[in-house]
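Trainee: Below you will find the structure I want to go over with you.
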Amino acid sequence: MRALTAWVSAGLLLLKCAAAAAQQGQAAPIAPPVRYESTHRANAGAPLAYRAIAGETHVRGLDGNPVASIFSISYLREGVADRGARPLIFAFNGGPS
């Protein structure tokens, strides 16, 4: 989990640097989207195995160039026979300030 936290922090720092460069009128290079995946086991009354996937998706403008980046984290329970029957939650927080 520490490695995931470090990668998330590095990604946020990169976005902050890009924003600062854009404010100064400089074109900041846009890195390709990143994705990190890790597996975990927990005991929440019963053994629980899951995958954590953290990554970003670039939103492209009409010219095909990235104009925004959406960061997401997914937690997928392992050993589920029918993933379509599992609950799904979307949570959104934040935006430009």
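Each value in this text was obtained by applying a stated rule to the coordinates, not by laboratory testing. Since the model is a prediction, treat every value here as computed from it, not as a measurement. Please note: Cβ atoms are built from the backbone with ideal geometry, for glycine as well, and neighbour counts cover all protein chains shown.
Trainee: Using a Förster radius of 35 Å, what is the FRET efficiency between Val67 and Glu37 based on their Cβ-Cβ separation? Nearest 0.05, please.
Mentor: 0.85
Trainee: Could I ask something else about it? Give me, ordered by chain and number, the residues 5 or more places off Tyr36 or on other chains with an amide H under 5 Å from its own placed amide H.
Mentor: Ala54, Gly55
Trainee: Further question on the same structure: Please pull out the direction-averaged projected area of the range 32-91, using the convex hull of its alpha-carbon atoms, in nm² to one decimal place.
Mentor: Mean orientational projected area (the range 32-91, Cα hull): 5.8 nm².
Trainee: Label points 7 Å out from Cα along the Cβ direction at Ala44 and Ala81: separation in nm?
Mentor: It works out to 2.1 nm between the two label points.
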